[in-house]
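One structure is given here, and the rest of the page talks about it.
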Amino acid sequence: MAHTSSVEQLIAFYQTLTPQGITRFAEFYSDDAYFKDPFNEVHGVEAVAAIFAHMFRQVEAPRFVVSECIADTRGAMLLWEFHFRARLSGRNREQLIRGVSHLRFAPDGKINYHRDYWDAAEELYMKLPLLGGLLRYLKSAFACRPGRV
């Protein structure tokens, strides 16, 4: 995984991920891989795969688009967009979450550390009718306004 072609294979895996592709996580992640995002923290490749299987049950038409990759032999940073349609919202328009994945590679080249960074408040909660209104108000109240001291 530590070579450029392997990172490119990982990116292609994510960008073309389907429910059937969940079985391929062991090709890219070590058995004891650690994964953390704003909602989950798990150990083990099977637990990581379960998070993505859950994603396919929760949202419609999920897809990842990796826009930038910075990698060396020890790890990689992937900048990505996650496109989906929310099943629960009643609205069927596409949603977008932007984030970054910090990956570290084990000596065998597989991922043993995967940490996703994205702002759940901005990317999800602000888009909810009631909670979003409150969060927008708070954001406005705490925002720095040049010229006002």
Inset, instruction - Would you please give the residues with an amide H less than 5 Å from that of N40, counting only those at least 5 places away or on a separate chain, with H modeled from the backbone geometry? - result: none
Legend entry - Whole-angstrom Cα spans of region 4-118 along principal axes, big to small: 46, 27, 24
Legend entry - Residue order, fewest to most surrounding Cβ atoms within 10 angstrom, among R87, R57, R63: R57, R87, R63
Inset, instruction - Distance from a point 7 Å along Cα→Cβ of A120 to each backbone N in region 33-53: keep the residues under 20 Å and list them by number. - result: 34-44, 47-53
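Coordinate-derived values only; no laboratory data. Fair warning: this is a prediction, and the values are worked out from it, not measured in the lab. We place every Cβ from the backbone using ideal geometry, glycine too, and count neighbours over all the protein chains shown.
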